[in-house]
Structure formats: C-alpha cells, structure tokens
C-alpha cells in the first residue's frame, strides 16, 4: 500500500479498488490502458466515391453561377422574360415527370402527395408571385444598388454554406430562404415586373425543385446523377464564361478544389485519424425511450 | 525568490527527508486545498476536500482551504478543528466556476500561500478554473503541486478537445496527480498526456458511521428500489423512466423511492402520470446529506443508472446501508464493489430490468445476506483515514521533488504541449513570473505577516482557541 510498498510479483494486480493490494498507489500494470480502443467503426473512404459525393457541392455552386448568369442576361436585356418563362416551364414539366417516375420506383406503397396537391401548390405560388411582382420590383428601390448586390452575395454564400448536402430533399429552410431572399434582391433590380416574376420562378426551379430531383437521381440512378452533376458544372462554367471569363476561371478553380482536391485531402488525412475510446466514455442511450412517455 | 521561500518552508515543516522510510516521524506539510467547489455548495468534490482536510489535520498537518466567495459568505471562516477556509472575492462565471485570466488571482493566492507558509498546493477538480489558476501560480512561486481529478471526460467533441488541451498545459509540470479510480487514471493520463508513474489512484471514501443499516425501517409487504442521484441526463434518468413502467407492470408489490432534483424530474413525473403510479413511485426532491441515510434504509435494492461515473460514492453508501446494488457498467463503477455486492448491467433498459428482476427474485427467496453483514463488509473498504494516509504519502513524495525553475518550465511547456499552445502558455508563464516579481517588489514577502496557525504542528485551535479566532 502506498508508493513505498514493495510489489510482490506473486500476486497479480487486479483492477479493483475494494481490495487492498500490495502495490504502490502509482503502480502501472502491464494491463494499463488495455481496454483502450482506437478508431473503432472508422470508415475507409475511397477516392472516387468521395469525389462523387462532392459532386453535389460542386453542382450546387454551379447552380448559383447559372442563376447569376441568367440574371446578368436579363439585366442587359439579352434574355426576354417570356423566353425564360417558357424555358422554365419546358424544364419543369419533364422534370416533374421524371421525379414522379423515380419516386414510384422506390416508394409505391407509401402515401405520396397527389398530382392535384402539387398543381395546387404550383398555381398558388405562381399566382401570388405574379400578383406581388410589382411590389417586389419596388421593394428595394430606396436601397442603394451596392447594398443590394452585397446582400445578395452574402445570402447566396449563406445558401451554399447552410445547404443540407447530405439530405437535400427537401432543401433546408435556412438555405432556401437565403437563396430566395437573394433572388428577390436581384430580381428587384431588373427593368420590369414580368422580369421579376420570371426571375423568381426560375429561382424556385433552381434552388427548391432541382435539388429534390437531383437527390432522387442520386438514390435511384447513380450513373445519371454523375452525368447531371458534370452537366450542371459545365453549364455553370460555360454560362459564366460568356459573361465574365474571370468569373468562369474562379468558378472552375473552386470546382476543381471542391470536387478533386478536397476529397484527396480527406482520403490522405484519414490515416492520421486517431480516435480513442474506452470505458471512460459516456454511455449512449441507444433505445428509443419515448415509447414509455407517449 | 520563489525557490528560496520553498526551501525555507520545507525547513519549517521539520524535514528534508523525502522517503519517509528512514525517519520514524513523517514530515509535516502546510497544505492549501484549492477548488471552486466547497461548502455551501454540495457535492462529491466538496465533501472529499472537507473530509480529507479533517483527516490530514488529525495527522498533524496544517491545512487551509481556498475557494471563491459564495454570495455573502466571503473572507475567512473556521470550520471544525480549526480548518481555515478562505472565501476569496473572485468573480464566478459559470456553474460555480470562476472566470480565469491567468493573472488576476495571483495577488490573493500569493497572500494566502505566503501568509500560511504553504508548502504543497493541492488543487481539486478539472472543472474548477480556480484550481488550475492556483496550480499555475504555485508553480510560478516555486511551490509543490498536487492535483486531484474527480471526473471522466470524453475525447470526441470540440469542447473536450479544448478542455483536454488546457488540462495538458495545467498538468504538464504538476508534481503529482491523484485520480479516484483506475479508469479515471487511464482517462487522465490520456487526456493530459502524462507519465502514468506520477498518477496515483486513491479512491474516494464514505463515512461508514453515517451509513448504517436499519432493517426495521424496511416495509415487509413490498420491495422498494431506492434511487438517489441528481436528476440529470448523465445520471441516466431517461433509462430510469423506462425501467419504472416495465417493472411496475410485472411486480405489483414493487415501489420506487427517488431522491434528488434536476431537469429530468419531468421525465419521471410524466411516467408516473401516464402509468398511474403515484402511490408506488415517490419523488422526494432534493435531499440533504444527513437525510440520505434515512431514505436508504427504507429500501431493499439500490439502483444506479449513471451513464458515466469516475468512482460513484452513491453505490458504496447504498451497500453500506445493507442494500443490494444494481448499477450500470460504466466508468470506474466495476472497480468499486466486489462482485457479490453489486449486479452490473449494460446501460440499456432491458439489461437493467433483467438485472433488477434477478435481484428481486433473490430478494423474495431471502437468499441475500443480512444488511448488517453487508455493512460489516463494506464499512472498512473505503475510509477517509485510509485516503488521508495515502494522500500523505503523495505529499511526502512531492515534497522531495524539484519544482521546475522558470527556464525548465518554459522548455517543458513547449516540448509537452505542442508548439502553439506551449508557446502561448510559456509566454503567459513569463508574464505571471514578472507579475509575481512586481508584487514581491510592492509587498515583499518579509513584510507579510504569517497567519496564526490554527492547525498543524503548532496548532493553536485546541490550546488557545479564543486567541486564534480574531487573528483574521
């Protein structure tokens, strides 16, 4: 007992406190830390699998670029609101059909929203946006243009940062609201009320509906998902390039680093991971205990 | 300067002898216990400091306690046997822990250390900022340091990464560390990257005279399960909320007696409401320490559902009162009681229910030993005298060790705590040293009065109690 005691090797040390053992208090047995476990349940990442997942981030970045490109074209009068509206509609309808097909593949039994409910929402949204577009158009008139641009940039950044990349369907409320706020700001700088309406409809398509469709693609048609991501990225870089080559350069740099370099870093740093577990960890309650309450 | 003072202080404690083996008289130390947690706050750390101090006083050491002011309780107070407590006016930040700037507590703590001629600073609890501050200043002043860790900590989240880094900094040049169980030692060694040789395991203790069985208090027509714990998540109260309905449905003569208060009380109340168990589940609310025994003796089985626990005094108290203990197998709990006194279960509702049912069946068949024989076995397992004896050995060992001088301390900080944190805290240590020089220039040590010793080798408490009291 105590640091001056002479350990007699005949008695093995036991990890118990209730027994007075012939070892000093600071005795370190060979079994010290034997229950230490390292990196338990660690995931081994494969490079191309990570790149594929990172593709979602890249395409979302490109979506923002595409939206800004469209806005630039509208602002310079190169794109008429009617064209944009018709294009949006011609994208939305096949997209909706595809979404239905992909949904039916997985969950045929579960109760999904009816087409009637979907069209009701669409009509409601469109009519309200159409009705309010003159108001939205003049909403930021008293605010200086610089402020509006800064605000939009900030909000689009917030959209990208808060976007729920793991489960993008439905898009998170913070990211969606930030994106719509940015589009209202930008749309209010366009020449006419119809422009505003077209821009907002397009924003809804890009920021709210497209991620849902893409998520379905990721779940049910992984091959096409990769294709869609690459397509959007190329579209984003190309579109931005037609307006601002510098911006396109920056975007492609960002895309390369997000989709190729960051996964490389993740995979190579993974072997430095040193996660320690042991009996001192707080136990986790695994069961669902709410059944006792409700 | 600091070094010189330490040598002088060791001399006053009448020994240069570090083995304690050669001389028959073991050296006497002037110990300052520092922690944010002390009475009137209640808990395991508080009672540990108090009981350990009392036993050390009994062994002839001088002990003072430094803590922060609690409301209107500030200044100096004397407790039983002349145990002096300094309630220092430091700002409380969160959960009774003081704010730390690394510097502002130096003048006050230096006053205490110098006036009381402290030789060993013993800090308690890793949650206490004041304890870490005191360690830091004590090392600057060249005093020996001991730290007792009372809790377990994970490694997974950001907050634990940061606190573990701070612990590494705080303990890298501390002379000796005390943990309350082997699991806690493993945890602390890993968290603070320590040499395990300088970490001693000294368990907590329970005053066995406070927890004696009284079988006459047990009702014979029912089986009562007692739970005494704060009603918080870490104590597994959600598991308890699942166990109560499961077992109450199966055993109509089963009663629960639950002492303690906390945010999870609502869970138990909802369960009681939903299953209409008002007559069988009694929630007693917060219990004073002196009332705990009165509740324990009414039960047959003591249940502990903690999710993490460094030592768990509650199960020892339960067993000391002669109850059969059922507990989760977490942290240091498996080390605390011999296998035949405790039933260990996994931290799930089903495993705990299974364990409890086994114990209930045995209880009905009467195959358990009597409460008095259980008490007789438990009462000598953990005593404060034993804790004090073992802690004394730590002090003896520490008193012979060198306190790192500034340049070695800086080197140690930088080599042990990583280049960034090490450099930052090496800088802080230099500032602390300069601040100490300034204070020593403003108020030299030799101009500071020595406090009247209430306890220790020349203690005046018993002899001249009337004189020593107005001393501060």
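Restricting attention to the alpha-carbon atoms of the range A:137-268, what are Rg (one decimal) and Dmax (integer), both in Å?
Rg and Dmax of the range A:137-268, Cα atoms, are 16.4, 52 Å.
Does the range B:208-378 come out rounded, prolate or oblate by the C-alpha gyration tensor, with a ≥ b ≥ c the root eigenvalues, rounded set by a/c under 1.5 and, if not, prolate when a/b is larger than b/c and oblate if not?
Since a/c stays below 1.5, the shape of the range B:208-378 is classed as rounded.
Please report the antiparallel percentage of DSSP beta bridges with both residues in chain B, rounded to the nearest 5.
Working: 8 of 54 bridges.
Antiparallel bridges make up about 15 percent of those DSSP assigns within chain B.
How high is the relative contact order of chain B? Use alpha-carbon pairs under 8 Å, at least six apart in sequence, and give a whole percent.
Relative contact order comes out at 18 percent.
With labels modelled as points extended 7 Å from the Cα through the Cβ direction, what inter-label distance (nm, one decimal) is found for residue B:438 paired with residue B:230?
Calculated label separation equals 3.7 nm.
Which value in Å does the Kirkwood hydrodynamic radius of the protein assembly as shown take, with 1/r averaged over all unlike C-alpha pairs and then inverted?
When all Cα pairs of the protein assembly as shown are included, the Kirkwood radius is 31.3 Å.
As a test, work out the antiparallel percent of DSSP beta bridges whose residues both lie in the protein assembly as shown, rounded to the nearest 5.
Of the beta bridges lying entirely in the protein assembly as shown, close to 20 percent run antiparallel.
Roughly how crowded by other chains is peptide A:18-31, in terms of the mean Cβ count from those chains within 10 Å of each of its Cβ atoms? Can you show the working numbers first?
Details: counts 15, 3, 3, 0, 0, 1, 6, 14, 15, 5, 6, 2, 0, 1.
Mean partner-chain Cβ count within 10 Å for A:18-31: 5.
Given 0.36 nm per residue, what is the gain on full extension from residue A:98 to residue A:208 after removing their alpha carbon distance, in nm?
38.0 nm
Let me have the relative contact order for the range B:208-378, percent, based on Cα pairs under 8 Å that are six or more residues apart.
Details: 307 pairs, mean separation 44.9, N = 171.
In percent, rounded to a whole number, it is 26.
For B:154-162, what's the mean count of beta carbons from other chains sitting within 10 Å of each residue's beta carbon?
2
Taking 1 over the mean of 1/r across every pair of different Cα atoms in chain A, what Kirkwood radius in Å do you get? Kindly include the intermediate steps, with their values, before the conclusion.
Details: mean 1/r = 0.0425 Å⁻¹.
Across chain A, the inverse of the average 1/r is 23.6 Å.
Could you work out the mean count of beta carbons from other protein chains within 10 Å of each residue's beta carbon in B:190-202?
What the average comes to for B:190-202 is 3.
Give me the angle, in degrees from 0 to 90, between the Cα long axis of helix B:419-442 and the longest principal axis of the Cα atoms of chain B, rounded to the nearest 10.
That works out to roughly 60 degrees.
Which angle between 0 and 90 degrees, to the nearest 10, do you get for helix B:384-399 versus the longest principal axis of chain B when only C-alpha atoms count?
Result, in degrees: 30.
What does the highest-first list of A:255-262, A:218-225 look like by mean Cβ count within 10 Å?
A:255-262, A:218-225
As I understand it, the value is the acute angle between the Cα axis of helix A:222-243 and the longest principal axis of the Cα atoms of chain A; what does it come to in degrees, rounded to 10?
Its long axis makes an angle of about 50 degrees.
Report the label-to-label distance for residue A:224 and residue B:79 in nanometres (one decimal), using points 7 Å from each Cα along the Cα→Cβ vector.
Here the modelled spin labels are 7.4 nm apart.
Order the peptides A:167-177, B:172-182 from the highest to the lowest mean number of other Cβ atoms within 10 Å of their residues. Mind showing how you got there, number by number?
Values: A:167-177: 16.1, B:172-182: 24.6.
Answer by packing, highest mean first, reads B:172-182, A:167-177.
Based on the Kirkwood radius over alpha-carbon pairs, what is the Stokes-Einstein translational diffusion coefficient of chain B at 4 °C with 1.567 mPa s viscosity, in µm²/s? Provide the component values of the computation, followed by the final result.
Values: Rh = 23.8 Å.
D, rounded to a whole number, is 54 µm²/s.
Calculate the spin-label point distance for residue B:212 paired with residue A:135, positioning each point 7 Å from the Cα along the beta-carbon direction, and give it in nanometres.
Calculated label separation equals 8.1 nm.
Relative contact order for chain A: what percent, with Cα pairs under 8 Å and sequence separation of 6 or more?
Working: 268 pairs, mean separation 89.1, N = 294.
Reported as a whole number, the value is 30 percent.
Order these peptides, B:276-287, A:117-128, by their mean beta-carbon neighbour count within 10 angstrom, highest first.
B:276-287, A:117-128
None of the figures in this text is laboratory data; all of them are computed from the coordinates on show. Fair warning: this is a prediction, and the values are worked out from it, not measured in the lab. In this analysis, Cβ positions are derived from the backbone assuming ideal geometry, glycine residues included, and neighbour counts consider all displayed protein chains.
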